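Encoded as structure tokens, the structure appears first; notes follow it.
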Amino acid sequence: MCSLLDQNKSPTFVFLFRITTIMMFSTLLDRIARFCSILGGLVMTALMLMTCYSLISRNVFDSALIGDFELTGVGAGAAIALFMPLCQLKHENIIVDFFTANRPEAFNFRLDRLGDLLMAVIFSLLSWRCTVSAINAVETMGASMLLGFPDWIVFTSMAIPFGITALIAFNQAAAKFNANDKAAS
């Protein structure tokens, strides 16, 4: 690889070569998690723009945007769920290591794998219950009060990212435990 970069290549070639190399080694779950976080960011941006529009129209033009609170609740729930796969992928969950700071590295490694497994179980349950709720909402034709926004869309927008998060956590618990020798010590 160095020989390719050592030749008299343009900076554009080097940049594209590095980007291509990074993309080749990223996993499918990594790409899906990043795509989910981009969607979550777009949803949050749309919520921010809607809130600004609602406030300006309410205070300047004396007209309200009907259902803005409902849409904010739906969008915030979906955005939070969409950020969870990347959060799990990068292990950016809150960890309190007050009691484990002085423990051996092998102990902490096993504890982290147990944490990954627990996260997988929790997110599997969340995904399952959101899916059941979505099916129930379709059968009962549940909808929001002001806009009549279908509840099944809300539950589905959370069930899918929670399922992806569970897959990532299961993958981390299994792959890192098998691939690392720290657990053997």
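The values are calculated or read from the model by the stated rules, or taken from the named source; none is laboratory data. A quick note: this is a predicted structure, and the numbers were derived from the prediction, not measured. Quick reminder, even Gly has a Cβ in these numbers, built from the backbone with ideal geometry, and neighbours come from all protein chains shown.
Restricting attention to the stretch 126-135, does a residue exist that is in a helix (DSSP H, G or I), under 24 Å from LEU39 (Cβ atoms), of a type in the set (Val, Ile, Thr) and in contact (Cβ under 8 Å) with a residue 60 or more places away in the chain?
no
Just name the residue that is farthest from the chain's Cα centre (by Cα) out of those in the stretch 35-54 that are farther than 19 Å from VAL154 by Cβ and either surrounded by 14 or more Cβ atoms within 10 Å (Cβ to Cβ) or modelled with pLDDT under 90 (or both).
My answer is SER54.
Listed here are the residues, each with its yes/no results for (1) of a type outside the set (A, V, I, L, M); (2) touching a residue at least 24 places away in the same chain (Cβ under 8 Å).
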| site | (1), (2) |
| --- | --- |
| LEU86 | no, yes |
| LYS90 | yes, no |
| ASN93 | yes, yes |
| PHE99 | yes, no |
| ASN108 | yes, no |
| LEU117 | no, yes |
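If PHE98 satisfies all but one of (1) modelled with pLDDT under 90; (2) aromatic (Phe, Trp, Tyr); (3) under 26 Å from GLY40 (Cα atoms), what's the number of the condition it fails?
The one condition PHE98 does not meet is (3).
PHE69 passes all but one of (1) in a loop (DSSP other than H, G, I, E, B); (2) under 20 Å from MET145 (Cα atoms); (3) not aliphatic (A, V, I, L, M); which number fails?
Unmet for PHE69, out of (1) in a loop (DSSP other than H, G, I, E, B); (2) under 20 Å from MET145 (Cα atoms); (3) not aliphatic (A, V, I, L, M): (1).
Yes or no: the stretch 107-124 includes at least one residue that is under 25 Å from the mean Cα position of the chain (by Cα), aromatic (Phe, Trp, Tyr) and more than 17 Å from LEU89 (Cα to Cα).
no
Within the stretch 92-120, how many residues are assigned to a loop (DSSP other than H, G, I, E, B) and over 22 Å from PRO161 (Cα atoms)?
Residues in the stretch 92-120 being assigned to a loop (DSSP other than H, G, I, E, B) and over 22 Å from PRO161 (Cα atoms): 9 in total.
I'm trying to understand the selection: among the residues of the stretch 92-110, which are surrounded by 13 or more Cβ atoms within 10 Å (Cβ to Cβ) and either touching an Asp or Glu at 6+ places or on another chain (Cβ under 6 Å) or under 23 Å from ILE168 (Cα atoms) (or both)?
Across the stretch 92-110, the qualifying residues are ALA106, PHE107, ASN108, PHE109, ARG110.
Only one residue in PHE149, PHE162 is among the aromatic types (Phe, Trp, Tyr), touching a residue at least 60 places away in the same chain (Cβ under 8 Å) and in contact with a strand residue (DSSP E or B) (Cβ under 9 Å, 6 or more places away or on another chain), so which one is that?
PHE149 is the lone residue from the list that is among the aromatic types (Phe, Trp, Tyr), touching a residue at least 60 places away in the same chain (Cβ under 8 Å) and in contact with a strand residue (DSSP E or B) (Cβ under 9 Å, 6 or more places away or on another chain).
When you look at LEU71, is it surrounded by fewer than 19 Cβ atoms within 10 Å (Cβ to Cβ), more than 12 Å from ALA159 (Cα to Cα) and modelled with pLDDT of 85 or more, yes or no?
In short, no.
Take the residues in the stretch 144-179 that are among the small types (Gly, Ala, Ser), surrounded by 15 or more Cβ atoms within 10 Å (Cβ to Cβ) and more than 14 Å from the chain's Cα centre (by Cα), then tell me which one is nearest to GLY67 (Cα to Cα).
SER144
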